[in-house]
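What follows is a single structure, written as structure tokens, with notes after it.
No value in this document is a laboratory result; all are computed from the given coordinates. Worth saying up front: this structure is predicted, and the values here are computed from it rather than measured. Here the Cβ is made from the backbone with ideal geometry for all residues, glycine too, and neighbour counts use every protein chain on show.
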Ligand code: PEP
């Protein structure tokens with residue numbers, strides 16, 4: 001089954017609102033590609049100006065996080081309907097930086113996944129192992145647990161629309177990209193895990209990205225793999241290189 005590629009930038013905690021608009025204006029012509037879904041996942045304060053700046057382009061806007069309650073006394077959090085009202089279509093959930101620095105767990109990621117689907121926001125659920133786990137040979141046990149708990153209560157129809165980003169923690173922001181073989185192997189196993197939890201049709205529909213120091217040089221080979229449906233890109237998403245990554249062919 002031919003899945004549409006999806007290339008998403010994760011801006012992390014970079015870009016003030018005015019810098020964000022400037023960056024969108026620089027990247028807009030470079031990421032024009034009707035064959036690929038292009039998403040800019042941006043800091044909450046940049047969402048409204050970025051949505052505005054992306055009007056009339058092929059770029060969709062994502063958030064980098066979201067809370068799982070509807071509203072109320074949760075100082076500093078962002079509710080799902082705040083995102084949809086602002087024009088957000090995607091949300092990154094369970095990024096390893098949020099798991100490490102902000103106590104995000106498989107259980108909180110799961111609550112956010114359910115809430116995102118309820119509001120029609122497509123989650124980009126991140127998973128990935130540490131270097132220690134890879135060396136101990138427990139990579140897939142760890143990732144399968146992240147995926148199984150993350151998708152608890154998610155229906156097959158919802159799962160078909162989801163995006164999973166496989167991001168080995170040792171490759172994020174380090175300049176160390178996983179080899180094409182390592183990335184393909186884990187993405188194939190994530191797909192097999194989805195087939196076990198749901199069915200083959202769901203596994204074939206769900207999109208799985210690779211993330212971890214993707215750049216213009218590594219993207220073409222990575223994205224050509226059978227089970228890699230695009231990338232989640234950090235550092236390089238803030239540069240004109242992102243255009244080359246989107247137009248990887
Ligand atoms: C990320 O932030 O999700 C990421 C993959 O970062 P980088 O591309 O900089 O490694």
Inset, instruction - Highest first, please rank the peptides 124-130, 190-196 by the mean number of other Cβ atoms sitting within 10 Å of their residues. - result: 124-130, 190-196
Inset, instruction - Before rounding to the nearest 500, sum -39500 (n - 2.57) across all DSSP H runs of length at least 4 in the chain and divide by the residue total; then give [θ] at 222 nm in deg cm²/dmol. - result: -11500 deg cm²/dmol
Inset, instruction - Give the peptides 134-143, 10-19, 53-62 in descending order of average Cβ contacts within 10 Å, highest first. - result: 53-62, 10-19, 134-143
Legend entry - Kirkwood-Stokes translational diffusion coefficient of segment 53-103, alpha-carbon pairs, 4 °C, 1.567 mPa s, µm²/s: 105
